[in-house]
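Report on the structure given below.
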Amino acid sequence: MPDAFPLPDPAEALAALAADRSRRPVLVALDFDGTLAPLQDDPAASRVLPAGVGVLADLAATDGVSLALVSGRAMADLHLLAEVPVGTLLVGSHGAERARVTPHGLDRDVVRLTDDQADQLATLGAEAAAVARGREGVWVETKPTAVVVHTRLADADVARSAEQESLALGERLGTGVMHGKAVVELTVLHASKGEALIALRDEIGAPVVVYAGDDVTDERAFEALGEQDITVKVGPGDTVARYRVQSPEDVVAALAQFRDALAPSAG
Ligand SMILES: [Mg+2]
């Protein structure tokens, strides 16, 4: 189905950015699932597209470029699956966890919960387990700061009822709530990809951010960025991003072009 408001491909904007050396450093921040890694029924099977692995390594090694992955996944999970190059900044749990990939492993910022938040997380875990109980294809993931109800493998009506109960649970307990594709995340720490991205940009001092993502939670990142930034929605659906590509394959192709345009031999 064609989009009501077609958005341009980011190729031209990326080429212009590559050519303009006054706009450095560039923060290239990317969602993982559905953006660099095709969506899988089993989330543990997600991997960066093979063609993308070398492109990410090249970008991370390019002067004037900082590479970041910004994901809803728990940090340990993201680090394990993404296999990204040394120097990459990792933002997990929608911004509640931060780390950098070093030659010696993960250098991570410690997540600290208050006693009240820890109590709330335990309550959430127990009540979310009750939502999943007896519903085939629904399961609960526990993160350091959140509980996630997954419904990707459930029948549509089972998924819908589980998601509605999860949303009601979040409202009753007063947690943060994020409703993504076949997931409801209930978080005891206030975090969003938008806030995490702005903090990262300010720390790096990047005048321009390239951000690509496919899910509703990525809209917070698109909203937080400005006219000078290059925001790319992956796949169909309403968005406030300025550009669109259709698939993770397209994301990797666009990043490869950007890398080639940044190479010294091209300048
Ligand atoms: Mg995604």
Residue span Val158 to His104: 0.36 nm per residue of separation minus Cα-Cα distance leaves a gain in nm of 15.0 nm
Protection proxy (average C-beta count within 10 Å per residue), highest first, orders 81-87, 7-13, 142-148 as 142-148, 81-87, 7-13
For the stretch 1-68, dividing by residue count, accessible area per residue (probe 1.4 Å) in Å² works out to 50 Å²
One finds, for Lys181 and Ala263 with R0 = 41 angstrom and r their Cβ-Cβ distance, a FRET efficiency to the nearest 0.05 of 0.70
If each part is reduced to its alpha-carbon centroid, the stretch 15-63 and the stretch 192-214 end up apart, in Å, by 14 Å
Filtering trypsin sites (Lys or Arg not before Pro) in the stretch 30-114 by DSSP loop and by at most 14 other Cβ atoms within 10 Å leaves Arg112
Note on the chain: helices (DSSP H) long enough, at least 15 Å by alpha carbon along their axis, and hydrophobic enough, mean Kyte-Doolittle at least -1.0, are 50-60, 115-132, 156-173, 193-204, 248-262
Between the modelled labels at Val240 and Arg133 (7 Å from Cα along Cα→Cβ) the distance in nm is 4.0 nm
Residues other than Ala82 with Cβ under 12 Å of its Cβ, Lys/Arg counted +1 and Asp/Glu -1, net out at -2
Per residue, accessible area of the stretch 115-187 with a 1.4 Å probe, heavy atoms of protein chains only, in Å², comes to 49 Å²
When the chain is treated as a Gaussian network with springs between alpha carbons less than 10 Å apart, the largest mean-square fluctuation among Gly137, Gly34, Gly52 is found at Gly137
Rounded to a whole %, the carbon-and-sulfur portion of the accessible area of the stretch 115-187 at a 1.4 Å probe is 48 percent
Note: Glu171 to Ile204 extended length (0.36 nm per residue) minus current alpha-carbon separation gives 8.3 nm
Once both label points are put 7 Å beyond Cα along the C-beta direction, the Thr114-Val216 separation in nm becomes 2.8 nm
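The values are calculated or read from the model by the stated rules, or taken from the named source; none is laboratory data. Owing to the predicted nature of the structure, the values given are computational and were not obtained by experimental measurement. Methodologically, a virtual Cβ is constructed for each residue, glycine included, from the backbone with ideal geometry; neighbour enumeration extends over all protein chains shown. Remember, those area values only see protein heavy atoms, side chains included, never the ligands or the DNA or RNA. Shrake-Rupley method; radii C 1.70, N 1.55, O 1.52, S 1.80 Å.
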